[in-house]
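Chemist: One structure follows; several queries about it will come next.
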2 protein chains.
Amino acid sequence: MEALLHQSKAMCPFLKKTSPATLRSLSTATHHSPGGGTITNLQFIARRCPVMNKALAVQSARMRTSNYTSAAPSIGVVKSMLAKKLHTSAEKKANVDTRIYRKRDDVLPGRVESAFAKSKDTPTPGPKPCAPTASKFDYEGFYNKELDKKHKDKSYRYFNNINRLAQEFPRAHMSARDERVTVWCSNDYLGMGRNAEVLKTMHHTLDMYGAGAGGTRNISGHNQHAVALEKTIADLHGKDGALVFSSCYVANDATLATLGSKLPDCVILSDSMNHASMIQGIRHSGAKKMVFKHNDLVDLEAKLASLPPEIPKIIAFESVYSMCGSVAPIEEICDLADRYGAITFLDEVHAVGMYGPHGAGVAEHLDYDVYAAAGPGASASPTKKGTVMDRIDIITGTLGKAWGCVGGYIAASASLVDTIRSLAPGFIFTTSLPPATMAGARTAIEYQAHYQGDRRLQQLHTRAVKQDLAERDIPVIPNPSHIVPILVGDAEVAKKASDMLLSDYGIYVQAINYPTVPRGEERLRITPTPGHTKEFRDELVQALEGVWQKLKIKRTSDWRAQGGFVGVGVEGKEMQVEPLWTDEQLGLRQGVDGEVLQEALEQENRPEMPAVVAKAAAAA
Amino acid sequence: MEALLHQSKAMCPFLKKTSPATLRSLSTATHHSPGGGTITNLQFIARRCPVMNKALAVQSARMRTSNYTSAAPSIGVVKSMLAKKLHTSAEKKANVDTRIYRKRDDVLPGRVESAFAKSKDTPTPGPKPCAPTASKFDYEGFYNKELDKKHKDKSYRYFNNINRLAQEFPRAHMSARDERVTVWCSNDYLGMGRNAEVLKTMHHTLDMYGAGAGGTRNISGHNQHAVALEKTIADLHGKDGALVFSSCYVANDATLATLGSKLPDCVILSDSMNHASMIQGIRHSGAKKMVFKHNDLVDLEAKLASLPPEIPKIIAFESVYSMCGSVAPIEEICDLADRYGAITFLDEVHAVGMYGPHGAGVAEHLDYDVYAAAGPGASASPTKKGTVMDRIDIITGTLGKAWGCVGGYIAASASLVDTIRSLAPGFIFTTSLPPATMAGARTAIEYQAHYQGDRRLQQLHTRAVKQDLAERDIPVIPNPSHIVPILVGDAEVAKKASDMLLSDYGIYVQAINYPTVPRGEERLRITPTPGHTKEFRDELVQALEGVWQKLKIKRTSDWRAQGGFVGVGVEGKEMQVEPLWTDEQLGLRQGVDGEVLQEALEQENRPEMPAVVAKAAAAA
């Protein structure tokens, strides 16, 4: 950069005679351009230059006169432009985007001549550049305004470069491959992403059937893997049909949009904390929507009762809500659905693999003993008429969280599934998931249907973390699930906390901000896995303690003194939230005190891998 | 099934005394039920049975009284029910869905008692089943009505179970693993799905980084693979930024929806043949839409000119249109965009990997020599100001066709990309693509950026097929691309042709019907790849000839006699459609006659794999 400026100064008479200080001030002060926008004084002057004028005109035609096109930026200006453009967080070795440099090179005065020299590399002459006028929309300016808003309210996101290591779960490296961090916020909830059986299946399938499906499901992308996976999913949930999509985002969006638009006069009742994918699907359907208060049966019933009995109604909700870990009153919602002639649409993405004796989700879990008695393996579990899972009309799930791969699905009656298959553009007009992905996911489902050990350990580790944090007055949002959301309540502080955990303690927990959670409810979201043994847990708790102290973040007692917030410090609430997995289901003795839990944890650190599991997985 | 009926007859007094003929007729004749629907006579009688009545009430509560719940179906009825429920085509060994049998088992008279016996397996008592009343919506009935419509207009789709073999490209097996068919309709256009470098990268990445990303891009799913892939894509297209999505369906939908909803008073001008993903995105944006006639610059300009100059406008179109192979006048559209203050949104999913000296698409191809002079490798190609590709504002592409994997992307200015990254729910709220997928796709892109051999062979094979079919008067829709659409013009006949090709000739070409193409324009869509050598091509042409004769399908001359249709048999048109790849670019001598083409093909059958290609792919 320095060499370039030096060269430029030598070649350009203007730069030669103008001091750096003057250049700097010229490049920041603005001027109203003839076209009606604002440009820097430097750009204004540059237009008088026979060489720069041409370069600017072409640049502007492309960039619609944004402040990022100053002709001769100082190093300081370039650096600040870089800082704004980079969205990957600066870690120890920041991933600097060198392409920005190249663009600036293209318009620096000293280089203009060579850029436009007649040579083999001269680009084919383009259209006569139109100088920007007031009558053309300033697209780049608009994008930058939108980005500025995100910077201002601290919701602008900096992605962290986290490379989760299959052979060192739950560790990862960042840019530098020899450094290590511990990941505490992944949705690879059971570590299936590195499961030996899953990987074996995927390796084999890659070699036999290649990297991609090669087409939509209608045009060469339907195969034995799709058939087998959909059957496995349908069997798991006790449904007649299942349909796999690129992701559960797509499954939710496409299914709700199709049903809501096709069912005549359909009304969709949607839990206030529903995921974006469902909100979008409902919006896309054009159907009337009624939002009911989160998990509030009274509100839901009132809304149902206000509607004509004979019109189609869909109650859309989740089993486990991702960001706060709350669990829906599923059975009662089914009762309401029956009473008012509605169908139920239940998103179990944060439950499948982790709840129920076969990992079919919370709906299965609510009839735990019935399904446990069905014996090992999803395919052995016949339809259980009248159980909660049986009563749900549409269950949606993901292959990308507890089952470690990617993809999504619905499970429902054969007719409903066939209707979505036949009508939903989001299913029809897209390339099928790769065979290896489908096969790997199926292995993961079968594995977890036969083996309790992983989800049991996940639950035990979660209890341990929640207990440790409660002892230190660190504000966990109470909930009955495997999710440990820690309330911060400020976007900037949450980011600082996350950055500090990473830089000072080598612990990765992403700060969760708007729009994933409402403004003012920013949090850290921790997800203990079977791999988070005591050593990791102790590190985490110490680190959180350190960060809470250094940044003086509110504790549970602080929230309580304020009257409580999003469940934290709300009197008596902490005592009332029983985990979904009971002591009995986890095989713990009555009452869980520190000693019992510790004993259970020590036993579980050598989980059995019964022959039947390996065999079932191999057969899958 | 036989044994079951036998057992049932022994146990049930009614079945014992009723002849099969009577049963059959009872199961088809209908009766008006008290609830207002229709049921078979058999069901009506069954309700008098103390055992069946209970079973039917529970069944009905779930299945909302559809005709598929007859109590004691005859084998014939079961078979027809199976045929209706199955959407996978019956091949030599049809994939019979045995779950249907299980459901029928549940309600056969002889088995009712055991199903409801008090045992460990008794389901938790469910809600009192509500007998269906007129005041509740008949969901299942509705789904079945929608499906009936699809059956009636022959647009109901039967998926073929096609398992493309990586080691025998372009062959596949169906249900039976030892049988072989040749696939002629896949979008794995260059066979990259089985490319050794791609697979090697994926195997390695699976072992190092596991099966799934484990989170959204914000929460643990952003990693070196995403950074590297997005950089490769941006460099390939000469843009400052790129963003990867689950698929290009999602990329198109999310990007158009976000831009169209955020840009104030935005108008989106959309080519009449645009893909469903763009149509959905535009719809979801809520922006005003104007559809211009396919590739019609006059119509497009008139519409642009009718709008205020200062409002934001997006011209959305494709480079190669999938189902007819036409190519857009991209440069002229860029001229119009400049003149009227619009931005261009160009979907190159059917072009990337296959056009341009680096496989960057048709936009790159239009400045072939400029980009070819940039030397091998996408990363060596600096931004070429004023070239067509440079002038396009947003390029979208897929990783799932010519590059053989799965996924989609946009490439555009840094600000636009950052805006979509920050605002589009379809990007934000979904699990990131797996590391192995991203790494494999990147290897494929780099490979094809360094190597011309595959797309050259693809073009030569396409020319050969088009020539052979023209000689036989088989109606190819003329176009300048690699796609060979063969007009049939009738949904039922197209399906018959496809089925016959498969069953009689072992050739898989999916029939394309509504909604992928308009009704009445049904076709077979053939996509020659580098793997379709002369032997395969001769088989194809013979098979098509055979099918055209047997089914008496219209030939080109027939369409011509009728005045032509969708470009087929339109006077003079066949002579005017020059391939996008010129003889010179393909390295052919002036004029392509049979002998020259054959010679070129023979030479190409031993394509070189320069050391630089292997090296570049390994470095990726």
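The values are calculated or read from the model by the stated rules, or taken from the named source; none is laboratory data. The structure displayed is predicted, hence computed values, not measured ones. All Cβ positions, even for glycine, are placed from backbone atoms using ideal geometry, and neighbour counts span all protein chains on display.
Chemist: For the stretch A:193-212, name all the residues that are within 7 Å of another protein chain (Cβ to nearest Cβ) and either surrounded by 24 or more Cβ atoms within 10 Å (Cβ to Cβ) or part of a loop (DSSP other than H, G, I, E, B) (or both). Give the steps one after another, and end with the answer.
Modeler: Initial filter on the stretch A:193-212 (within 7 Å of another protein chain (Cβ to nearest Cβ)): A:193-194, A:198-199, A:202-203, A:206-212.
Those that are within 7 Å of another protein chain (Cβ to nearest Cβ) and either surrounded by 24 or more Cβ atoms within 10 Å (Cβ to Cβ) or part of a loop (DSSP other than H, G, I, E, B) (or both): A:G193, A:R194, A:V198, A:M202, A:L206, A:Y209, A:G210, A:A211, A:G212.
Chemist: Moving to a separate point now. Looking at B:S220, B:S246, can you tell me which residue is under 28 Å from A:S175 (Cα atoms), within 11 Å of chain A (Cβ to nearest Cβ) and without any contact (Cβ under 8 Å) to a residue 60 or more places away in the chain? Even if it seems obvious, please write down each step before you answer.
Modeler: Numbers: B:S246 fails: without any contact (Cβ under 8 Å) to a residue 60 or more places away in the chain.
From the options B:S220, B:S246, the qualifying one is B:S220.
Chemist: Enumerate the helices (runs of 4 or more DSSP H) found wholly within the stretch A:380-437, keeping only those where 2 or more residues are among the aliphatic types (A, V, I, L, M). Spell out the reasoning first.
Modeler: Details: elements: A:388-391, A:414-423, A:425-428.
Answer list for the stretch A:380-437: A:388-391, A:414-423.
Chemist: Quick check on my filter: what residues within the stretch B:254-302 are surrounded by fewer than 19 Cβ atoms within 10 Å (Cβ to Cβ) and farther than 29 Å from B:G407 by Cα?
Modeler: Scanning the stretch B:254-302 gives B:P264, B:D265, B:K293, B:D296, B:L297, B:V298, B:D299, B:E301, B:A302.
Chemist: Shifting gears a bit: If you take the residues in the stretch A:160-172 that are free of Cβ contacts under 8 Å to residues at least 60 places away in the same chain and more than 9 Å from chain B (Cβ to nearest Cβ), which one is surrounded by the most Cβ atoms within 10 Å (Cβ to Cβ)? Step through it out loud before you land on a result.
Modeler: Of the residues in the stretch A:160-172, the ones free of Cβ contacts under 8 Å to residues at least 60 places away in the same chain are A:163-168, A:171.
Restricting the remaining residues to those that are more than 9 Å from chain B (Cβ to nearest Cβ) gives A:168, A:171.
Details: A:E168: 13, A:R171: 17.
Only one residue fits best here, namely A:R171.
Listed here are the residues, each with its yes/no results for (1) modelled with pLDDT of 95 or more; (2) closer than 28 Å to A:T443 by Cβ; (3) assigned to a helix (DSSP H, G or I); (4) of a type in the set (S, T, N, Q).
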{"residue": "A:P308", "(1), (2), (3), (4)": "yes, no, no, no"}
{"residue": "A:M323", "(1), (2), (3), (4)": "yes, no, no, no"}
{"residue": "A:I333", "(1), (2), (3), (4)": "yes, no, yes, no"}
{"residue": "A:H350", "(1), (2), (3), (4)": "yes, yes, no, no"}
{"residue": "A:A363", "(1), (2), (3), (4)": "yes, yes, yes, no"}
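Chemist: Quick test for you: out of B:Y447, B:Y409, B:Y355, B:Y368, pick the one residue that is more than 7 Å from chain A (Cβ to nearest Cβ), within 22 Å of B:S261 (Cα to Cα) and of a type in the set (F, W, Y). Talk me through it step by step, then tell me what you get.
Modeler: On the way: B:Y447 fails: within 22 Å of B:S261 (Cα to Cα); B:Y355 fails: within 22 Å of B:S261 (Cα to Cα); B:Y368 fails: within 22 Å of B:S261 (Cα to Cα).
Sole residue among the options that is more than 7 Å from chain A (Cβ to nearest Cβ), within 22 Å of B:S261 (Cα to Cα) and of a type in the set (F, W, Y): B:Y409.
Chemist: Separate question: Can you tell me which of (1) assigned to a loop (DSSP other than H, G, I, E, B); (2) over 20 Å from B:K401 (Cβ atoms) is the one B:L540 doesn't meet?
Modeler: Evaluating B:L540 over (1) assigned to a loop (DSSP other than H, G, I, E, B); (2) over 20 Å from B:K401 (Cβ atoms) leaves (1) as the failure.
Chemist: If you don't mind, there's one more thing I want to ask. Go through the stretch B:388-406 residue by residue and tally those that are in contact with a His (Cβ under 8 Å, 6 or more places away or on another chain) and facing chain A (nearest Cβ under 9 Å).
Modeler: 1
Chemist: Let me ask another. Taking B:E539 and the conditions (1) modelled with pLDDT under 95; (2) surrounded by fewer than 18 Cβ atoms within 10 Å (Cβ to Cβ), which numbered condition does it fall short on, given that it satisfies the others?
Modeler: In the conditions (1) modelled with pLDDT under 95; (2) surrounded by fewer than 18 Cβ atoms within 10 Å (Cβ to Cβ), B:E539 misses (1) alone.
Chemist: Any residue at all in the stretch A:564-573 that is touching a Pro at 6+ places or on another chain (Cβ under 8 Å) and part of a helix (DSSP H, G or I)?
Modeler: yes
Chemist: Among the listed residues A:I282, A:I268, which satisfies the condition of being β-branched (V, I, T) and assigned to a helix (DSSP H, G or I)? Walk me through how you get there before you give the answer.
Modeler: Working: A:I268 fails: assigned to a helix (DSSP H, G or I).
The match here is A:I282.
Chemist: Check off (1) touching a residue at least 24 places away in the same chain (Cβ under 8 Å); (2) more than 7 Å from chain B (Cβ to nearest Cβ); (3) among the acidic types (D, E) for A:D178 and give me the number that stays unchecked.
Modeler: It fails just one condition, (1).
Chemist: So, one more: Buried (at least 21 other Cβ atoms within 10 Å of the Cβ), basic (K, R) and touching a helix residue (DSSP H, G or I) at 6+ places or on another chain (Cβ under 9 Å): does that describe A:R523?
Modeler: So A:R523 fits the description; yes.
Chemist: Going by the conditions given, is B:D188 closer than 24 Å to B:E364 by Cα, charged (D, E, K, R), within 8 Å of chain A (Cβ to nearest Cβ) and not in a helix (DSSP H, G or I)?
Modeler: Yes; evaluated as a whole, the condition is true for this residue.
Chemist: Being more than 8 Å from every other protein chain (Cβ to nearest Cβ), modelled with pLDDT of 95 or more and within 24 Å of A:A211 (Cβ to Cβ), is that true of even one residue in the stretch B:128-143? I'd like the intermediate steps shown before the answer.
Modeler: Step one: list which residues in the stretch B:128-143 are more than 8 Å from every other protein chain (Cβ to nearest Cβ), which gives B:128-129, B:131-133, B:138, B:141.
Then drop every residue that is not modelled with pLDDT of 95 or more, which leaves B:138, B:141.
Subsequent filtering for residues that are within 24 Å of A:A211 (Cβ to Cβ) retains none.
Checking the stretch B:128-143: not a single residue is more than 8 Å from every other protein chain (Cβ to nearest Cβ), modelled with pLDDT of 95 or more and within 24 Å of A:A211 (Cβ to Cβ).
Chemist: Please work out which residue is surrounded by the fewest Cβ atoms within 10 Å (Cβ to Cβ), limiting yourself to the stretch A:137-159 and to residues that are out of contact with any helix residue (DSSP H, G or I) (no Cβ under 6 Å at 6 or more places or on another chain) and over 25 Å from A:E522 (Cβ atoms).
Modeler: Per the criteria, the residue is A:G141.
Chemist: Conditions: (1) facing another protein chain (nearest Cβ under 10 Å); (2) free of Cβ contacts under 8 Å to residues at least 60 places away in the same chain; (3) not in a loop (DSSP other than H, G, I, E, B). B:L304 meets all but one. Number of the miss?
Modeler: Going through (1) facing another protein chain (nearest Cβ under 10 Å); (2) free of Cβ contacts under 8 Å to residues at least 60 places away in the same chain; (3) not in a loop (DSSP other than H, G, I, E, B) one by one, B:L304 breaks only (1).
Chemist: Consider A:D504 against the criteria (1) touching a residue at least 60 places away in the same chain (Cβ under 8 Å); (2) of a type outside the set (A, V, I, L, M, F, W, C); (3) in a helix (DSSP H, G or I): it satisfies all of them except one. Which criterion is unmet?
Modeler: Answer for A:D504: the failing condition is (1).
Chemist: Also: Select, from A:K145, A:K154, A:K149, the only residue that is under 23 Å from A:V493 (Cα atoms) and free of Cβ contacts under 8 Å to residues at least 12 places away in the same chain. Lay out the reasoning, then the answer.
Modeler: Details: A:K145 fails: under 23 Å from A:V493 (Cα atoms); A:K154 fails: free of Cβ contacts under 8 Å to residues at least 12 places away in the same chain.
After ruling out the rest, the residue left standing is A:K149.
Chemist: So which residues in the stretch A:149-180 are among the hydroxyl-bearing types (S, T, Y) and either within 17 Å of A:L502 (Cα to Cα) or in a helix (DSSP H, G or I) (or both)?
Modeler: So the first thing to find is which residues in the stretch A:149-180 are among the hydroxyl-bearing types (S, T, Y), and the list is A:155-156, A:158, A:175.
Matches in the stretch A:149-180: A:Y158, A:S175.
Chemist: Residue by residue through the stretch A:447-479, note down the ones that are of a type in the set (K, R) and either part of a loop (DSSP other than H, G, I, E, B) or over 29 Å from A:H358 (Cβ atoms) (or both).
Modeler: Filtering the stretch A:447-479 down to residues of a type in the set (K, R) leaves A:455-456, A:463, A:466, A:472.
Within the stretch A:447-479, just A:R472 meets the criteria.
Chemist: Does A:K231 meet the test of being closer than 15 Å to A:G408 by Cα, at the interface with chain B (Cβ under 9 Å from one of its Cβ atoms) and either buried (at least 22 other Cβ atoms within 10 Å of the Cβ) or over 24 Å from the mean Cα position of the chain (by Cα) (or both)? So that I can check it myself, show each step before the final result.
Modeler: Numbers: closer than 15 Å to A:G408 by Cα: yes; at the interface with chain B (Cβ under 9 Å from one of its Cβ atoms): yes; either buried (at least 22 other Cβ atoms within 10 Å of the Cβ) or over 24 Å from the mean Cα position of the chain (by Cα) (or both): yes.
Against the criterion (closer than 15 Å to A:G408 by Cα, at the interface with chain B (Cβ under 9 Å from one of its Cβ atoms) and either buried (at least 22 other Cβ atoms within 10 Å of the Cβ) or over 24 Å from the mean Cα position of the chain (by Cα) (or both)), A:K231 qualifies.
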